[in-house]
Amino acid sequence: MPKDNNLKYMQKAFSLAKKGEGHTSPNPMVGAVLVKKGKIIGSGYHKKAGFPHAEIEAFNDAKKKGNSIIGSTLYVTLEPCCHTGKKTPPCTEALVREKVKKVYVSTLDPNPKVSGNGVKFLKDNGIDVEVGLLENKTQKMNEFFNKFIVTKRPYVILKMASTLDGKIASRTGDSKWIGSPEQRKRSHLLRAKVDAVLVGINTIEKDNSRLNVRLPKKKISQPIPVVLDSKLRISSEAKIFKAHSSAIIATTLLKGPKVKLLEEAGAKVIKVKKDKKGNVSFPDLLRILGKMDISSILIEGGSAVAASALKSKVVDKVVFFYSPKILGGDGLSMIGELQKSSIKNSITFKEVNYKKFNDELMIEGYI
């Protein structure tokens, strides 16, 4: 088959995989396309954890259309699994059973239970396998999963919105609205992709934020709100308890009547180790959240929380929005104290990407 067609079919599989964005956690996004005699006979994607994997969806689609799978070629964005999951059997056995002739795999599965073993199983059973088509693209698509499955820690994005001079509020504390409606929409799109949205108690007390996704779109998975509240100052009447069925309150205390009151409001109160300043320890928090199968977190502030996350070296990626406004030196800075004594010791980024919309700028980068 011509190389251009192989790319075309893998691109189709990639597009299908993206349909699962925001819904598959803690599983990866995966798409699959079945081709026979130059025609697509079946396709599918992983819709949600516990649902059939993309390969099985493609097989079911082909059979529903009355197409024979025997001798077909499968294009799949992630190496087929060779182990039994919590709710799903190995896909590799299904490929052998359905007598697929060849498989194009975009990237190997970083899951230690798979990691090349799926490809080996297929080859050992007479199926021709090629790996690497659109590999960089599919790896980036599943960057949340790729970190979580290996480290058991959530992928962390730090999102901040500021003026051109890096201020998130005026000297009086006013911050509405620094960004435009378009910027806020993009922020909500980020929320829709992650498992949890995290802020400090100061943000909750100041803004009484709901921390939910507010977009005119169906089938949105609402992220779990996580509030850093070392002294349990949060009110049981806070809006997050009305906007969500549950919320996580991370504290260094776990006693007294306030805990029961918050639990009755719908909170899950978790005790986390203290950092050097007596606040919630980010590394310990991520360890706990990882055990809860939370694979991605969006940190939204405030400035002290952002600084703490950066100092703790838990941030994987930043997304900063800049609006064409200036507040001056008496405004509240985007990032709190980092105690960097020289430019040489500053935090640097790679793979930086710039996106302009209206008169605003969005900058993404990896630490």
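The values are calculated or read from the model by the stated rules, or taken from the named source; none is laboratory data. The model shown is predicted, which means the values in this text are computed figures rather than measured ones. Here Cβ is always computed from backbone atoms with ideal geometry, including for glycine, and neighbour counts include all displayed protein chains. The area values use the complete protein model at the heavy-atom level, side chains included, leaving out ligands, DNA and RNA. Shrake-Rupley method; radii C 1.70, N 1.55, O 1.52, S 1.80 Å.
A few points about this structure:
- Rounded to whole Hz, the Karplus (6.51, -1.76, 1.60) HN-Hα couplings of segment 128-139, x for glycine and proline: 6, 10, 10, 10, x, 6, 6, 4, 4, 5, 6, 5
- Surface share of carbon and sulfur [accessible, 1.4 angstrom probe, percent] for the chain: 51 percent
- Annotation for segment 57-77 versus segment 1-50: alpha-carbon center distance of 12 Å.
- Length released on extending from Arg184 to Lys123, taking residue separation times 0.36 nm less the Cα-Cα span: 17.1 nm
- Segment 93-152: trypsin sites (Lys or Arg not before Pro) falling in loop per DSSP and having at most 11 other Cβ within 10 Å: none
- Between segment 169-192 and segment 197-261, the Cα center-to-center distance that results, in Å: 18 Å
- Cα-based shape type of segment 271-333, given that a ≥ b ≥ c are square roots of the gyration tensor eigenvalues and the cut on a/c is 1.5: oblate
- For segment 217-311, the solvent-accessible area with a 1.4 angstrom probe is 49 square angstrom per residue.
- Between Ile367 and Asp174, the modelled label-to-label distance comes to 3.3 nm, taking each label 7 Å out from Cα in the direction of the beta carbon.
- Annotation: amide H-H contacts under 5 Å for Ile41 (H modelled 1.01 Å from N, sequence separation of 5 or more, or interchain): Leu34, Val35, Lys36.
- 3J(HN,Hα) couplings calculated from phi for segment 239-250 with the Karplus curve 6.51 cos²θ - 1.76 cosθ + 1.60 (θ = phi - 60°) are, in sequence order, 4, 4, 6, 8, 8, 10, 6, 8, 8, 9, 10, 9 Hz; Gly and Pro show x.
- Based on the Stokes-Einstein relation at 37 °C and a viscosity of 0.692 mPa s, and on the Kirkwood radius from alpha carbon pairs, the chain is assigned a translational diffusion coefficient of 147 µm²/s.
- Of Ser235, Ser323, the order by accessible heavy-atom surface (1.4 Å probe, DNA, RNA and ligands excluded), from most exposed downward, is Ser235, Ser323.
- Efficiency of FRET between Ser246 and Leu338 - r from beta-carbon atoms, R0 25 angstrom, step 0.05: 0.15
- Under the combined filter of DSSP loop state and at most 10 neighbouring Cβ atoms within 10 Å, segment 195-277 retains these GluC sites (Glu not before Pro): Glu237.
- Using a probe of 1.4 angstrom and keeping all protein chains present, the accessible surface of segment 16-109 works out to 43 square angstrom per residue.
- Rg over Rh [alpha-carbon atoms, Kirkwood Rh] for segment 162-275: 1.00
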